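Here's the structure, in structure tokens; my notes come after.
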Amino acid sequence: MPAKRLLLSLAVAVLLLALACKGDSGPRLPDLTPFDSEGLAKLHEIRDLAAQVRGLDPCEKVDEGTLTREQLTAYYEEYEAEFSDDDREELETTNKVMRLLHLMGPQDDLLQSYVGMHSSEVAGLYSNDEDKLVLVTDGEIGLDIDDELILAHEYVHCFQHDTFDFKRLGKLEEKEGKDQANTEYSTTIEALMEGDAMISAISYVGAKLGEEGFNDWIDSVKEASSGDEEDSYPPFLERSFDFPYDQGMDFALYLWKKGGWDELNKAYDNPPSTTEQILHPEKYLAGERAEDLKLPDLSDDLGKRWERLGDDVFGEFDVYNYLLTLLGDEGVASAAAAGWGGGRIATYSREDYSDRVLVHIVLTWDTPTDATEFLTEYLNSVKAANGQQDLWDRSASAYGLFSWDDEDEHIYAGLEKRALTIVIAADRGDRDAALAAMNLPSPGATPTSP
């Protein structure tokens, strides 16, 4: 799998931004152990068959070799070691935001999880910047069918970069970051690429083994996966880590079934713009985009030394993943996230990196019914995250207003037709200051009209 898997949510975007800002100053991949002449010949057979299956020209100018798991782990640990004190303080603040949202436990750490997941779960990678294609091994090189699957997957990434206009795709991602656009290209382009590489690599295995051999291989994969141990990282992060592969593959397969590789190729000219389009390919084909939402900057209204950490899209997958983490019910989370029309999330903290953090979320829905269904499950999810303790004040529920006050968690949820505003803070006064800045009724106040 590739060297970097984009994680969703504003919190993880902070980490990726910190990594990206290192640019060329970051560590380079270690020198690869080259394949011997026999291995290289087999490698190029894999490349050529993968290119034939995918219908793209093979790439030839690439440094191919292996790294051990220990070398890969050391590479990611180098990244971690290069974080400055300021980077680490900001990441610790982000940890506090994630904990406030019940997305990580008190001992979980975003950076350590990122490094750990990549070190333990990446099986191969293609680096376009360094022009390297890598198979991660335990020190022995046997090139069994599973290794071939990984190599075919990484070769497809090489084909993609040689074939499609990644300069233009990169500009879409850059514009998104500068303009606070209501798009998720940094995630959806990754999902398109990984989904493409996943179905291409599986098609490679089918071409290599034939129908009977392929079916036997599928059975062996199912048997092996049934004994997998539970992941040791926060489930929210694991699902975000896997999104480009799991949901990206479903998206790519949908397009492939509709029009073959040509239909998938067209998606690089017009990539999906939201995770809603990835989850619902029919909405991608219909051109359904996110609603245009803008959040006010509340920094000055919250008081001195407050700063906004970021302002980003809170997409349908984020909504689904958020509810699933809190409720533990995939069907409920999926149904409640459906009908997403648009969403943004902004996070704030004091400049002294104290425990006083605040989250502002606005979500819109296709219909008022969709909005009400989500709100119902959101109220349940907060209760579930707090051990079924129910502190929701429903005294103004007829007006679509709800509040929650616990020792270190203070929430406002206000629904108006299709739009839901959520403010979550570690301090009640900070929450109420944000509400006042947006002219929203403070908890306990009686609205003037229903």
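Among the helices (runs of 4 or more DSSP H) confined to region 79-181, the ones with at least 2 residues that are surrounded by fewer than 21 Cβ atoms within 10 Å (Cβ to Cβ), at negative phi and under 20 Å from the mean Cα position of the chain (by Cα) are located at 85-100, 110-121, 166-179. With a requirement of 3 or more residues that are closer than 23 Å to Ala425 by Cβ, out of contact with any Cys (no Cβ under 7 Å at 6 or more places or on another chain) and not small (Gly, Ala, Ser), the helices (runs of 4 or more DSSP H) lying completely within region 313-413 that satisfy it span 316-327, 368-385.
Of the residues making up region 354-363, none is touching a strand residue (DSSP E or B) at 6+ places or on another chain (Cβ under 7 Å), surrounded by fewer than 17 Cβ atoms within 10 Å (Cβ to Cβ) and at negative phi. Asp390 - would you say it is within 30 Å of Asp86 (Cα to Cα) and of a type in the set (Asp, Glu)? For Asp390, the condition - within 30 Å of Asp86 (Cα to Cα) and of a type in the set (Asp, Glu) - is not met. Within region 281-303, if we keep just the residues that are under 23 Å from Leu192 (Cβ atoms) and free of Cβ contacts under 8 Å to residues at least 40 places away in the same chain, the residue that is surrounded by the most Cβ atoms within 10 Å (Cβ to Cβ) turns out to be Tyr284.
The single residue among Thr73, Thr66 that is in a helix (DSSP H, G or I), β-branched (Val, Ile, Thr) and either modelled with pLDDT under 90 or not assigned by TED's automatic domain parsing to the domain that holds Asp318 (or both) turns out to be Thr73. Close Cβ contacts (under 6 Å, 6 or more residues apart or on different chains) running from residues in region 179-194 that are within 15 Å of Ala290 (Cα to Cα) to residues that are among the polar types (S, T, N, Q) and buried (at least 23 other Cβ atoms within 10 Å of the Cβ) comprise Thr183/Ser273; Glu184/Thr274; Glu184/Thr275.
The residue that is farthest from Leu192 (Cα to Cα), counting only those in region 229-275 that are of a type in the set (S, T, N, Q) and more than 15 Å from the chain's Cα centre (by Cα), is Ser232.
Scanning region 336-353 for residues that are over 18 Å from the mean Cα position of the chain (by Cα) and hydrophobic (A, V, I, L, M, F, W, C) yields one hit, Ala336.
Tallying residues that are within 23 Å of Ala290 (Cβ to Cβ) and among the polar types (S, T, N, Q) within region 377-419 yields 1.
The values are calculated or read from the model by the stated rules, or taken from the named source; none is laboratory data. Note that the structure is predicted; figures quoted are calculated from it, not measured. Counting neighbours? That spans all protein chains shown, and the Cβs are built from the backbone with ideal geometry, glycine included.
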